[in-house]
Amino acid sequence: MKHWMVIVACLMGIVSSAFAADLAKAKAEGKVNFYANITAVEPIMKAFSEKTGIEGIYTRVDTSKFLTTVLTEHEAGKLQADVIQGPLPILEMLKQKGVLAPYRSPQATGYPEWAVKDDTIVQFGIEYVAPIYNKDFIKAEDIPKRYEDLIHPKWKDQIVMPDPSSHATTICWLVGLKEAKVFPSDGAWMAFVKGLAANRPMFVKSFGPTPAPIESGEKRIAVSMPKYIITKAPAPLDWVRVDTILGTPRAIAIAAKAPHPEAAKVFLDEWLSKPSMKLLADKVGEYVLAPGVYPPIDGIEKAKVVPIRELSDEETQKWGAEFKKIFFAQ
């Protein structure tokens, strides 16, 4: 409770100092609409509303429908979003279509240079992927230490992961392991892919369902997200201490025709502030790019977390078909 009060106090201090110029106008607008594909951010929305007096309205938009939803509303002149958060490639396409407005937030100071090089889009986190497991069901001596350990025959029928033939992020992750040189050669990478397939993973539609079979003991290891260690607590989940973790960049921007433009700026500044990013890391388990902020997951600060390239539709289809041959031939 004290920890939460300290965070709120810090956030209130930031609002009163850094955002005073816009806050009066933003309050007059009354609310801000946030379209996002990120989940479990209700505590942050509530904190924002309590600190600023501006109603924060969160609308979850599924990644697969994100571009179509936003563009359809925009072209019809009915887009209600003030601030838009989604995968970087989607926001880049929205920028090209004139959906986003330039705005460089002072709260992005200290973020990696590659995350703020755009005058419109800010990358604030990485949707990181790594193997996770249930500590109650794996002996200490059997815990994997490297990606290569996942292809040991003892894990046959004991792994769950999103379908590598159709789940775009998993396809990007597998290709990212190759392009980031996580393995010493392309041959070693392909040996890993084929070895993983040989262990006959159980496939689910996305990362969301991956923790459940691990929690229940139905499976032992999941290709999943370490953030579930936080959001699924008190389930005894942990992550495999791989040296390099890959993930897709999370990005955010203001809508060009935001119904509440001043509230949008205040919200974006608040979202990118270090205390807010700490709240996102602490409460949601997100890997954020604010300097010195890490989720409270043991050892995560020592890992090298790398943003992966988002594949084009053609590349996704090509690799999806290739992985289908490999994984479904078992």
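The values are calculated or read from the model by the stated rules, or taken from the named source; none is laboratory data. All of these numbers come straight from a predicted model, not from anything done at the bench. No Cβ is skipped: glycine too gets one built from the backbone with ideal geometry, and neighbour counts run over all protein chains shown. The protein model used for the area step is the full one, side chains on, heavy atoms only, and it has no ligands, DNA or RNA in it. Shrake-Rupley method; radii C 1.70, N 1.55, O 1.52, S 1.80 Å.
Quick one: which helices (runs of 4 or more DSSP H) sit completely within the range 256-330 and have at least 2 residues that are acidic (Asp, Glu) and under 22 Å from ILE126 (Cα atoms)?
Working: elements: 261-272, 274-284, 313-327.
Result: 261-272, 313-327.
For a quick check of your reading of the model, give me the residue pairs whose first member lies in the range 291-310 and is free of Cβ contacts under 8 Å to residues at least 12 places away in the same chain and more than 15 Å from MET225 (Cβ to Cβ), whose second is in a loop (DSSP other than H, G, I, E, B) and not acidic (Asp, Glu), with beta-carbon atoms closer than 6 Å and at least 6 apart or on different chains.
GLU301/TYR294
Here is a list of conditions, (1) open to solvent by 60 Å² or more (accessible area, probe 1.4 Å); (2) under 20 Å from PRO87 (Cα atoms); (3) not acidic (Asp, Glu), and LYS278 meets all of them except one; can you say which number that is?
So LYS278 meets the others, but not (2).
So which of ILE90, ILE38, ILE44 is of a type in the set (A, V, I, L, M, F, W, C), part of a loop (DSSP other than H, G, I, E, B) and at pLDDT below 95? Give the steps one after another, and end with the answer.
On the way: ILE90 fails: part of a loop (DSSP other than H, G, I, E, B); ILE44 fails: part of a loop (DSSP other than H, G, I, E, B).
So the residue among ILE90, ILE38, ILE44 that is of a type in the set (A, V, I, L, M, F, W, C), part of a loop (DSSP other than H, G, I, E, B) and at pLDDT below 95 is ILE38.
Report every pair of residues separated by at least 6 positions or lying on different chains whose Cβ atoms are under 6 Å apart, first residue within the range 274-288 and under 19 Å from ASN37 (Cβ atoms) and among the charged types (D, E, K, R), second assigned to a helix (DSSP H, G or I) and modelled with pLDDT under 90.
Final answer for the pair search is LYS283/PRO43.
Among the residues of the range 132-166, write down those that are in a loop (DSSP other than H, G, I, E, B) and in contact with a Pro (Cβ under 7 Å, 6 or more places away or on another chain). Before you say what the answer is, go through the steps one by one.
Looking only at the range 132-166, we keep the residues that are in a loop (DSSP other than H, G, I, E, B), and these are 135-139, 143-146, 152, 156-158, 163-166.
The answer is LYS135, ASP136, PRO144.
Any chance the range 21-31 includes a residue that's modelled with pLDDT of 85 or more, hydrophobic (A, V, I, L, M, F, W, C) and open to solvent by less than 40 Å² (accessible area, probe 1.4 Å)? Break it down stepwise before answering.
We begin by selecting, within the range 21-31, every residue modelled with pLDDT of 85 or more; these are 23-31.
Still in the list and also hydrophobic (A, V, I, L, M, F, W, C): 23-24, 26, 28.
Imposing the further condition that a residue be open to solvent by less than 40 Å² (accessible area, probe 1.4 Å) reduces the set to 23, 26.
The answer is yes, given that some residue of the range 21-31 is modelled with pLDDT of 85 or more, hydrophobic (A, V, I, L, M, F, W, C) and open to solvent by less than 40 Å² (accessible area, probe 1.4 Å).
Looking at the range 12-19, is at least one residue in the same structural domain as PHE267 (by the TED database), open to solvent by less than 60 Å² (accessible area, probe 1.4 Å) and outside any strand (DSSP E or B)?
First, the residues of the range 12-19 that are in the same structural domain as PHE267 (by the TED database): none.
The answer is no, given that none of the residues of the range 12-19 is in the same structural domain as PHE267 (by the TED database), open to solvent by less than 60 Å² (accessible area, probe 1.4 Å) and outside any strand (DSSP E or B).
Of all residues in the range 41-63 being touching a residue at least 40 places away in the same chain (Cβ under 8 Å) and out of contact with any strand residue (DSSP E or B) (no Cβ under 7 Å at 6 or more places or on another chain), which is most open to solvent (accessible area, probe 1.4 Å)?
GLU50
Select from the range 91-107 the residues that are in contact with a helix residue (DSSP H, G or I) (Cβ under 7 Å, 6 or more places away or on another chain), open to solvent by 10 Å² or more (accessible area, probe 1.4 Å) and of a type in the set (A, V, I, L, M) and list them in ascending order.
Residues satisfying the conditions are MET93, LEU100.
Condition (residue is open to solvent by less than 10 Å² (accessible area, probe 1.4 Å) and out of contact with any strand residue (DSSP E or B) (no Cβ under 7 Å at 6 or more places or on another chain)) applied to the range 244-263: is it met by at least one residue?
no
Across the range 121-154, what is the total count of residues that are of a type in the set (A, V, I, L, M, F, W, C) and open to solvent by 20 Å² or more (accessible area, probe 1.4 Å)? Quick ask: steps written out before the conclusion?
To start, the set of residues in the range 121-154 that are of a type in the set (A, V, I, L, M, F, W, C) comprises 121-122, 124, 126, 129-130, 132, 137-138, 140, 143, 150-151.
This time we only want the ones that are open to solvent by 20 Å² or more (accessible area, probe 1.4 Å), so: 137, 140, 143, 151.
Within the range 121-154, residues that are of a type in the set (A, V, I, L, M, F, W, C) and open to solvent by 20 Å² or more (accessible area, probe 1.4 Å) number 4.
Going by the structure shown, is VAL129 in a helix (DSSP H, G or I) and touching a residue at least 40 places away in the same chain (Cβ under 8 Å)? Write out each step before concluding.
Working: in a helix (DSSP H, G or I): no; touching a residue at least 40 places away in the same chain (Cβ under 8 Å): yes.
Answer is no for this residue.
So THR210 ticks every box in (1) under 22 Å from LYS302 (Cβ atoms); (2) under 18 Å from the mean Cα position of the chain (by Cα) but one. Which box is left unticked?
(1)
In this structure, is LYS283 open to solvent by 50 Å² or more (accessible area, probe 1.4 Å) and at pLDDT below 95?
Considered against the rule, which asks whether it is open to solvent by 50 Å² or more (accessible area, probe 1.4 Å) and at pLDDT below 95, LYS283 comes out as yes.
List the strands (runs of 3 or more DSSP E) that sit entirely inside the range 186-243 and contain at least 3 residues that are open to solvent by less than 40 Å² (accessible area, probe 1.4 Å) and in contact (Cβ under 8 Å) with a residue 60 or more places away in the chain. Give the derivation first.
On the way: elements: 202-204, 221-224, 237-239.
Of the strands (runs of 3 or more DSSP E) lying wholly inside the range 186-243, those with at least 3 residues that are open to solvent by less than 40 Å² (accessible area, probe 1.4 Å) and in contact (Cβ under 8 Å) with a residue 60 or more places away in the chain span 221-224, 237-239.
Which of the residues belonging to the range 70-87 are among the acidic types (Asp, Glu) and in a loop (DSSP other than H, G, I, E, B)? Lay out the reasoning, then the answer.
Filtering the range 70-87 for residues among the acidic types (Asp, Glu) gives 73, 75, 82.
Within the range 70-87, just ASP82 meets the criteria.
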